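Visitor: Have a look at this one before I ask anything.
Computed from the coordinates by the stated procedures, all read-outs in this text should not be read as laboratory data. As the structure is a computational prediction, the values presented were derived from the model and not from experiment. Neighbour counts run over all protein chains shown; Cβ positions are idealised from the backbone, glycine included.
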């Protein structure tokens, strides 16, 4: 066996010494950390415990998100259900109101509340049209069902009010358009709806509407009804 050159022995010795020093230094470092309360094993255990906590929190967060989605979906369903029920209820109330109005209308024909069985006005209203000072007038004439004779005649309107601070009255000829001589003709047995267009002067302020029903035939006397403008205009 050939002897190892002295230079190589020096290198090997130096490398061994360095390894010993590094190992000793690491042991001293670990010893210091251990004496200071630090442990690699404890650190790993803490990391694993923290990782478990993080994982559990992620699971909890996913569950909370799922619950929020369920609640939001439930709220949307509840809102849709409520809106549907509310719509159906409104529609039902409207139908009941219409039926009650129709019932009151027919009861008025069969048995008037005031006991008057002759020709009269059941309802009247003025609805504002698109053009300024233009109104659509709608009125319903009725007579008791006990009167089975057909009645005919005309209706005339007179509107009282003020113009430039002075009292004024407009006749049917002045305010009704598309009506022959300011007359709205009628002809029915039990009831009839009539309609016309009324135009008021720009400086006229209406206060009262006077409706005159003029039956045709011998002995037919005019029937007068008066209404406050505020109660019939809308």
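Visitor: Rounded, prolate or oblate: which fits the range 120-232 when a ≥ b ≥ c are the square roots of the eigenvalues of the alpha-carbon gyration tensor, with rounded for a/c under 1.5 and prolate only if a/b beats b/c?
Guide: Prolate, because a/c is 1.5 or more and a/b exceeds b/c.
Visitor: What ranking do 184-196, 221-233, 152-164 get when scored by the average of other Cβ atoms within 10 Å per residue, highest first?
Guide: 152-164, 184-196, 221-233
Visitor: Shifting gears a bit: How much length is gained on full extension from residue 231 to residue 97, taking 0.36 nm per residue of separation minus their Cα-Cα distance?
Guide: Contour length minus the Cα-Cα distance gives 46.2 nm.
Visitor: Starting from the 7 Å offset along Cα-to-Cβ, what nm value, one decimal, do you get for the label separation of residue 134 and residue 83?
Guide: Distance between label points: 3.7 nm.
Visitor: If we sort 125-132, 137-144 on the protection proxy, mean other Cβ atoms within 10 Å, highest first, what's the order?
Guide: 137-144, 125-132
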